[in-house]
Each structure stands twice: as C-alpha cells, then as structure tokens.
1. Give just the number: which of (1) free of Cβ contacts under 8 Å to residues at least 24 places away in the same chain; (2) surrounded by 14 or more Cβ atoms within 10 Å (Cβ to Cβ) does Ser58 not satisfy?
2. Output the qualifying pairs, or none if there are none: Cβ atoms under 7 angstrom, residues six or more apart or on different chains, first residue in region 1-25 and of a type in the set (D, E, K, R), second residue not in a strand (DSSP E or B).
Amino acid sequence: MCSKLTDYDITTHIDLRHGYVEGMGQLCFSCYTGSSRNSISVDERTIMDTPNDMELGSKIRRVFYESRGIPMPKDPKWEKIFTR
C-alpha cells in the first residue's frame, strides 16, 4: 500500500510474518493495522456453498454494499448471469 520496506526477508515463510496478506503481499505495520484497511465479514457457508469464484465475488460485493447501506451498481453485462 505504501511501498515501505519491512524487516522481513523475502525468504521468510509467510506463516512466520506479521502483516502478510495473501493477494496483497507484505504490508508494513502501519498499513496492516491502520484505519485505511477496512474489512467485512462473509459467512463461512456463503464461501463453502459457492464453488464458482466469479459468483462468490458477486456475493461478496453484495455484502460489501449492503454493509454500507448503498445500492449495488448495476452492470448490464453481468446482471443476466447473476440474477436469480
């Protein structure tokens, strides 16, 4: 996020690092704990019951928008696929 160097060597296994986020990489302490890093909770059953990653992404996006009380933007090319 900020591109700051951390104290971890690239050969240190990710399970032994503090601040490593899969898909993002190693974050500095400030970025990892800072208020700019928001999170939402997704029910485990949603993940387990949705084997299709594209459909899961759509469900997670829906949770994100609902948690903030804003309408989900409409994307006509995907709307037909995920409307059920």
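1. (1)
2. Listed pairs, sorted by first residue: Lys4/Cys28; Arg17/Tyr8.
Values in this text are rule-based calculations from the coordinates and carry no lab data. The structure presented is a predicted model; accordingly, all values stated were derived computationally and were not measured. Positions of Cβ are backbone-derived with ideal geometry, glycine not excepted, and every protein chain shown enters the neighbour counts.
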